[in-house]
Amino acid sequence: MFEGRQLVTGQALVSQALAAEQIEDDALELAVREHARLVYRVAYSLLRNHHDAEDATQETFLRVLRYRRKLAGIRDSRTWLARIAWRVALERRRRAPEVLLEEASMASRIPSAAASADQALLGQEMSAVFEGLIAALPAKLRDPLILSALEEMSITDIAEVLGINAAAARSRLFRARQILREKFAALPGTL
């Protein structure tokens, strides 16, 4: 009779463990569905290469899979995933040799029905100028700018992703914008 209780208790523990694992898997699947595009964009903003960004996205979710038990205790999964993606992309950028930026983004290759060829070319040139100006910024100023402008993250999220305090993130973002404004104003042919 005692063995019967142990068997029932053991089966109950196995059932609870399976249920907990299913909940973790569901949370992971939800995180992937909700934030896969964000993770890709964060990786792409650092790596500037579609294939490298895809690889970094996969690596990010592999790390999340490894630590999925922590996912249930995470307050803001979006910021947590962005931070992991940022670190993975930084590691990949440091490991890989310097890769040239893609010639133009997909959006700039799609012709607009309203824009003439001259306007499209001017838009591509302006995009290239801005990308060059942003790339010329020091990393500590460029990173908050990319997260703010491209990923539309709040100051607190930027600070958390970069591992700095909110005041430093705000200051770096302000300084990056100020430098870009000055450099753009100094370009020939700009107002």
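Figures for the structure shown
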item: Helices (runs of 4 or more DSSP H) enclosed by the stretch 116-185 - at least 3 residues per element that are at pLDDT 90 or above and outside the structural domain of ARG78 (by TED's automatic domain parsing); result: 139-149, 155-162
item: In the stretch 66-95, residue modelled with the highest pLDDT [restricted to those that are of a type in the set (Gly, Ala, Ser) and over 18 Å from the mean Cα position of the chain (by Cα)]; result: GLY73
item: Identity of the residue in the stretch 54-65, among the aliphatic types (A, V, I, L, M) and modelled with pLDDT under 90, that ends up surrounded by the most Cβ atoms within 10 Å (Cβ to Cβ); result: VAL64
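The values are calculated or read from the model by the stated rules, or taken from the named source; none is laboratory data. None of the values given here were measured: they were computed from a predicted structure. Neighbour counts run over all protein chains shown; Cβ positions are idealised from the backbone, glycine included.
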